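**Q** Structure in structure tokens, see below.
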Amino acid sequence: MKITIVAGARPNFIKIAPIIKAIEKKQNEGANVSYRLVHTGQHYDKNLSDTFFEELNIPKPNSNLDVKSGSQAEQTGAIMIAFEKELLQNPCDLVLVVGDVNSTMACAIVAKKQNIKVAHVEAGIRSGDMTMPEEINRIVTDSITDYFFTTSTSASENLLKYGVNETNIHFVGNVMIDTLYQNLNKISAPLFWDKFQLENGNYIILTLHRPSNVDEEQSLIQLLQGIDKMADDKKVIFPIHPRTKAILGETNLKLKNILFVEPQGYLNFMYLIKNSFAVITDSGGISEETTVMGIPCFTMRNNTERPETQSIGTNTLVGTSIENLKKLFEGFLKNGRKKAGIPELWDGKASERIIDILLKK
Ligand code: UDP
């Protein structure tokens, strides 16, 4: 079986790493499977792309479509045009896409139109929020997917509601958590650890990059000022996403606790999360990682496509207002951490399950 694996953005790199390892393991056992890795170039900054390839030992892509940034349509169109040529030149039996970025949707459409089977890893999750580009990517991708690999039973149920045939839905667990388990013994403190006098539990991690939080400069500034005040005596480490950085531009913010740092590599970032007091974020992936590491997570969104991080894990859905964050954070300071568990099958073996299933097809 020839598999073309697509990755375009930071969270994709984290998800494909263990899938490639699982394929290589099968190859070593003599299985007839090969892969070709296509990087669409959606994320191209060194610290959003190259660093992840190096740290997670992802092989150099066989092809880089080099699409770079653009509007939603420009980027999606550019990926489709380039990926069509790529697939015609390098035919395969299956295109495997992960997550919910533009590359996921664009490449799934191109593959399907060439009558190539599509596997979607992290299928079926839904926020119900059609203002999120990712939600549209999820729905379109799942409407043409052949093999659905899900992280939760609720994602599988969503697919059944959409009329997907049960035999094509495979609840396998979470590949992002495979990567976490595979790298926990390699995580390390970033260079600024001593400079900022960080210690286990004396700082908060903040990440923000979703349009609902960062596109309006004034509300972003108010949110940052509110978090800065709320942090009290704790430092807030804020690895700033290029998108958020572009919006703040040269604005000179007078903040007491928030420390701006570059987007972190995976191994430093996981170390920072694991040792933090709490995390404030609008990322979906981070709410999964904090759940597994037992770190309290406050998600600055009105909804989540990962409900198990809230019902089972450590995640608290805040909404986007600073008032609500303050209220929930005070409750947490008063009552302590909520009791949390780890969702079913988030055990580090999802990628192996995926490859086992695909090889039986
Ligand atoms: N991440 C990282 N360094 C950072 C910020 C995030 O390694 O400075 C990792 C994070 O741990 C998670 C992934 O990137 O695994 C999530 O990426 P992002 O927030 O961009 O995507 P989302 O989860 O919102 O789709």
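**Q** No solvent, one uniform scatterer per C-alpha: report log10 I(q)/I(0) for segment 46-85 via the Debye equation at q = 0.19 1/Å, two decimals.
**A** Values, matching the q order: -0.68.
**Q** In µm²/s, what is D for the chain at 10 °C and 1.306 mPa s, where D = kT/(6 pi eta Rh) by Stokes-Einstein and Rh is the Kirkwood radius from Cα pairs?
**A** 76
**Q** Would you mind checking Lys26/Lys46; Lys68/Lys117; Lys68/Lys274; Lys26/Lys117; Lys186/Lys274; Lys15/Lys234 for any pair whose Cα atoms are more than 23 angstrom apart?
**A** Lys26/Lys46; Lys68/Lys117; Lys68/Lys274; Lys15/Lys234, as the Cα separations exceed 23 Å there.
**Q** Follow-up question, since we're still on this one. On a C-alpha basis, how far is the centre of segment 90-120 from the centre of segment 189-203 in Å? Whole number, if you could?
**A** Each part reduced to its Cα centre gives a spacing of 41 Å.
**Q** Another question, if that's okay. Amide H to amide H, which residues 5 or more places from Tyr35 or on other chains are under 5 Å from it, using H placed in the peptide plane?
**A** Those lying under 5 Å, H to H, from Tyr35 are Ile3.
**Q** Considering Cα pairs under 8 angstrom that are at least six residues apart, work out the relative contact order of segment 1-140 and quote it in whole percent.
**A** 26
**Q** Ordered by packing density, taken as the mean number of other Cβ atoms within 10 Å over each peptide's residues, highest first, how do 219-228, 90-99 rank?
**A** Per-residue Cβ counts within 10 Å, averaged per peptide and sorted highest first, yield 90-99, 219-228.
**Q** Considering only Val33, Val67, Val118, give the residue with the highest GNM mean-square fluctuation for the chain, with springs between Cα atoms whenever their separation is below 10 Å.
**A** Val33
**Q** Quick one: His43, His209, fewest Cβ neighbours within 10 Å first, how do they rank?
**A** Ranked by crowding around the Cβ, least crowded first: His209, His43.
**Q** Give the long-range amide H neighbours of Thr40: residues separated by 5 or more places, or on another chain, with amide H under 5 Å away, using H modelled in the peptide plane at 1.01 Å from N.
**A** Ala7, Gly8, Leu65
**Q** Springs between alpha-carbon atoms under 10 Å, Gaussian network over the chain: tell me which of Ile247, Ile169, Ile273 tops the mean-square fluctuations.
**A** Most flexible of the set in this elastic network: Ile247.
**Q** When only Cα pairs under 8 Å and 6 or more residues apart are kept, what is the percent relative contact order across the chain?
**A** Rounded, it is 16 percent for the chain.
**Q** Simple spin-label model, 7 Å along Cα-to-Cβ: Met130 to Ile144 in nm?
**A** About 2.0 nm separates the two model spin labels.
**Q** Sequence-distant or interchain residues sharing an amide H contact under 5 Å with Ser69, placed H: which?
**A** Here the answer is none, since no amide H 5 or more places off falls under 5 Å of that of Ser69.
**Q** Output ³J(HN,Hα) for segment 204-212: one whole-Hz value per residue in order, computed from phi by the Karplus curve 6.51 cos²θ - 1.76 cosθ + 1.60 with θ = phi - 60°, and x for Gly and Pro.
**A** 10, 9, 10, 9, 9, 8, 7, x, 4
**Q** As an exercise, identify the chymotrypsin sites (Phe, Trp or Tyr not before Pro) in segment 141-241 lying in DSSP coil whose Cβ has no more than 16 other Cβ atoms within 10 Å.
**A** Tyr162, Phe196
**Q** Here is a further query. Through the Karplus equation 6.51 cos²θ - 1.76 cosθ + 1.60, θ set to phi - 60°, convert the phi angles of segment 274-290 into ³J(HN,Hα) values in whole Hz; use x for Gly and Pro.
**A** So the J values, rounded to whole Hz, are 4, 9, 7, 6, 6, 10, 10, 7, 10, 7, x, x, 5, 5, 6, 5, 5.
**Q** Just need the relative contact order of segment 203-361 here, percent rounded to a whole number, with Cα pairs under 8 Å and 6+ apart.
**A** Worked out over segment 203-361, it gives 20 percent.
Rule-based calculations on the coordinates, nothing more; no lab input. All of these numbers come straight from a predicted model, not from anything done at the bench. Using ideal geometry, Cβ is built from the backbone for each residue, glycine included, and neighbour counts are taken over all protein chains shown.
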